[in-house]
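Structure, as structure tokens:
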Amino acid sequence: PVNREKIIGALQNLDYQVRHSSQAREALKQMRFHIFDVIVVNENFDTPDPDYNNVLRYIERLGMSIRRGIFVLLLSNRFRTSDNMAAFNRSVNLVINAEHIDDIEKILKRGVSDNDNFYRVFKESMVKTGRI
């Protein structure tokens, strides 16, 4: 709950509308009916084993055309902040260690900006070819 308030505050400061869920089933229901710009998920969210997180498994299975439009941030106790290999392995855009939760706004802002810059040419090409 303490981390949730910090995350919600950071997202609101970055002008995102925030929805949060206390159970994986509720989160999955929201994700089926809405496409979110940013998803922040704790690796231990509603599961005792972080390797079998149902929310992350759902995100992994999204089609690439949808997935590229979503920035996924993983809050972890196991991985270092900005660990690119861990992010790749878990199919997320950015990993933040729980120890750095106080800096989440700055880290998230930079991560979203880097992601937008990385995919800018790709998205422009998709628009020009009429695929988006």
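The values are calculated or read from the model by the stated rules, or taken from the named source; none is laboratory data. As the structure is a computational prediction, the values presented were derived from the model and not from experiment. Glycine gets a Cβ as well: all are built from the backbone with ideal geometry, and neighbour counts include every protein chain shown. The protein model used for the area step is the full one, side chains on, heavy atoms only, and it has no ligands, DNA or RNA in it. Shrake-Rupley method; radii C 1.70, N 1.55, O 1.52, S 1.80 Å.
Observations on the model:
- Flag if Phe122 is aromatic (Phe, Trp, Tyr), out of contact with any Gly (no Cβ under 8 Å at 6 or more places or on another chain) and free of Cβ contacts under 8 Å to residues at least 40 places away in the same chain: no
- The number of residues in the stretch 45-63 being of a type outside the set (Ser, Thr, Tyr), open to solvent by 100 Å² or more (accessible area, probe 1.4 Å) and either farther than 27 Å from Glu99 by Cα or in a helix (DSSP H, G or I) (or both) comes to 1.
- Residue within the stretch 37-44 that is surrounded by 14 or more Cβ atoms within 10 Å (Cβ to Cβ) and either in a helix (DSSP H, G or I) or charged (D, E, K, R) (or both) present: yes
- Looking across the stretch 94-120, the residues that are in a helix (DSSP H, G or I) and either polar (S, T, N, Q) or open to solvent by 100 Å² or more (accessible area, probe 1.4 Å) (or both) come down to Glu99, Asp102, Lys106, Lys109, Arg110, Ser113, Asn115, Asn117, Phe118, Arg120.
- Residues located in the stretch 1-19, provided they are in a loop (DSSP other than H, G, I, E, B), open to solvent by less than 100 Å² (accessible area, probe 1.4 Å) and under 13 Å from Ile39 (Cβ atoms): Tyr16, Val18
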